[in-house]
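To keep things clear, I will list the structure first and then write my remarks on it.
The values are calculated or read from the model by the stated rules, or taken from the named source; none is laboratory data. Please read all numbers here as calculations on a predicted model, not as lab measurements. All Cβ positions, glycine included, derive from the backbone under ideal geometry; neighbour counts span all protein chains shown.
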Amino acid sequence: MSKYQSINPYTNEVFASYENPSDQQIDEAINLSHTLYKKMRHESTTDRAKILQNLADTLRDHKDEFAELMTKEMGKVIGESKEEVDVCINICEYYANNGPKLLEPTPLPSPLGNAYYLKQATGVVLACEPWNFPLYQVIRVFAPNFVVGNPVILKHAHNVPGSAALITKLVKKAGASEGSLINLYPSYDQLAKIIADPRIQGVALTGSERGGASVAAEAGKNLKKSTMELGGNDAFIVLDDADPTVLRNVLFDARTYNDGQVCTSSKRMIVTSSCYEEVLKMLKDRFSSLKAGDPLDPGTSLPPLNSEQAKQKLQKQLDAALEGGAEIYYQYPEINHEGAFFRPVILTNVTKDNPIFDQELFGPIAVVYEVKDEAEAIALANDSSYGLGSSVIGADIKHAEEVAAQIETGMTVINGRWITSGELPFGGVKKSGYGRELSQLGLMAFVNEHLVIDVTKNNQ
Ligand code: NAP
């Protein structure tokens, strides 16, 4: 039986199931998208940009429907689901407005002749996506590749199959040609065959190290270009001169947005001694004020995790942390409900030998570290296998920028928590993956930078 099921983590109701495709259906899907790629090569980027604008408008029209489905499939609070649709509208509009210009040829001054490079499509891209932002993760890959002219085959996470189907429906409704985005529900074995198919030219994965390592290995074996957007253990560095108002405002949801299930959530609070007690108190105020309940209720701020398995995995990590000597500074009271609720926790005394020291905790657990000075804060921030995002909180901006430059991550936000927008590149270093999505960098991920040089003069 296929594992693609929509299960509401608040009620545990299984409300839809989907079958794996047959090998013939997979072949037909790849064929359709590959044929479209050949056709798109001769079509204008401006026309596709117009369709992306239609997609932005279509998402606007279907915002409530999409938000409700995401909340039912993976449990995020309804207000955040609506924000997610808004972010996707922004991304579609960014590429609709800027894509064609960014794809114009780039001149290359050369003494050898008139040189430039074209930015051309390369072929069908396979997108393997996670459940934590069911729409956003897909749009991050689809929007830039669509304007480039690379059709996308989507393999979404097994627990958001309904969202995957709705995205493809809306892309079609916006006027994109059949095959621009095809959704499949393959098994892992089928996925490996798709990656190996010569008509697939690129593989984009967002997910865990486990999924990333497996899919990247298949891509590497078949010499397919890949981008990997993986997990994070982001440091949130509080400097001595942090403004208390800024600090309180940023801490409001730095760890609890999407119930802590954000790759760039501020998972490690690294605080200089002068602000340590203040940060613990602010976090406790916030964690204890959360309201557990139905994620479809706009008054809820503490929803269930995305699944019962996720809850069990996080509980195991918490148990291991406590056995390893971590201390609970605060834990949310018992939640008497059958949903996948996890009680938010603030941990202190996590030492380097603690089993979770270098693990990603994908849920509402804040680990708070006290450090004596900034040098120790930077060293601790960099003492991680991950390198996705980070935050620096400090009033002297120039100085905060100097600290930011010393952190080994792909992104740093000063006086704010994680952020995303169409024009800003997203991605990390170390085990957080490679490549970038969004912005001009993301647009170029699966582009052929095709050099053309005219040397006629030299050979006459
Ligand atoms: P995941 O288990 O790695 O799944 C991601 C995708 O890969 C899913 O479609 C999954 O399919 C597929 N997959 C997993 N293992 C596979 C395998 N062995 N072979 C083939 N496909 C496989 O990750 P997740 O738990 O859904 O997502 C949470 C993780 O994503 C966290 O670590 C988070 O930090 C990270 N994330 C990173 C970013 C970023 O931009 N860097 C953004 C969001 C999330 P199935 O569902 O069918 O297993």
Mind listing whichever residues of region 409-442 are within 16 Å of the ligand (Cβ to nearest atom) and not in a loop (DSSP other than H, G, I, E, B)?
413, 426, 429, 430, 433, 434, 437, 439, 441, 442
Which of the residues belonging to region 195-219 are hydrophobic (A, V, I, L, M, F, W, C), within 10 Å of the ligand (Cβ to nearest atom) and in contact (Cβ under 8 Å) with a residue 40 or more places away in the chain?
195, 205, 215
Somewhere in region 165-179, is a residue more than 19 Å from residue 27 (Cα to Cα), assigned by TED's automatic domain parsing to the domain that holds residue 125 and within 9 Å of the ligand (Cβ to nearest atom)?
no
Among (1) surrounded by 22 or more Cβ atoms within 10 Å (Cβ to Cβ); (2) among the charged types (D, E, K, R); (3) assigned by TED's automatic domain parsing to the domain that holds residue 448, where does residue 255 come up short?
(3)
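Scan region 110-154 residue by residue and report those that are of a type in the set (D, E, K, R) and surrounded by fewer than 24 Cβ atoms within 10 Å (Cβ to Cβ). Don't jump to the end; show me each part of the working.
First, the residues of region 110-154 that are of a type in the set (D, E, K, R): 119, 129, 140.
Hit for region 110-154 is 119, nothing else.
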Identify the residue in region 102-148 that is within 16 Å of the ligand (Cβ to nearest atom) and of a type in the set (Val, Ile, Thr) and, among all such residues, is farthest from the chain's Cα centre (by Cα).
125
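Is it the case, given these coordinates, that residue 34 is at pLDDT below 95 and not β-branched (Val, Ile, Thr)?
On the way: at pLDDT below 95: no; not β-branched (Val, Ile, Thr): yes.
Against the criterion (at pLDDT below 95 and not β-branched (Val, Ile, Thr)), residue 34 does not qualify.
Collect the residues in region 383-408 that are of a type in the set (Gly, Ala, Ser), surrounded by 17 or more Cβ atoms within 10 Å (Cβ to Cβ) and more than 10 Å from the ligand (Cβ to nearest atom), keeping them in residue-number order.
Once the filter is applied, which keeps residues that are of a type in the set (Gly, Ala, Ser), surrounded by 17 or more Cβ atoms within 10 Å (Cβ to Cβ) and more than 10 Å from the ligand (Cβ to nearest atom), region 383-408 yields 384, 387, 390, 391, 394, 400, 404.
Here's a check for you: in region 18-40, which residue that is among the hydroxyl-bearing types (Ser, Thr, Tyr) and either within 25 Å of the chain's Cα centre (by Cα) or assigned to a helix (DSSP H, G or I) (or both) is nearest to the ligand (Cβ to nearest atom)? Before you say what the answer is, go through the steps one by one.
Here is the first cut: in region 18-40, the residues among the hydroxyl-bearing types (Ser, Thr, Tyr) are 18, 22, 33, 35, 37.
Then drop every residue that is not either within 25 Å of the chain's Cα centre (by Cα) or assigned to a helix (DSSP H, G or I) (or both), which leaves 18, 33, 35, 37.
Numbers: 18: 11, 33: 18, 35: 25, 37: 23 Å.
That would be 18.
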Take the residues of region 155-192 that are of a type in the set (Ser, Thr, Tyr) and farther than 14 Å from residue 55 by Cα: which is surrounded by the most Cβ atoms within 10 Å (Cβ to Cβ)?
163
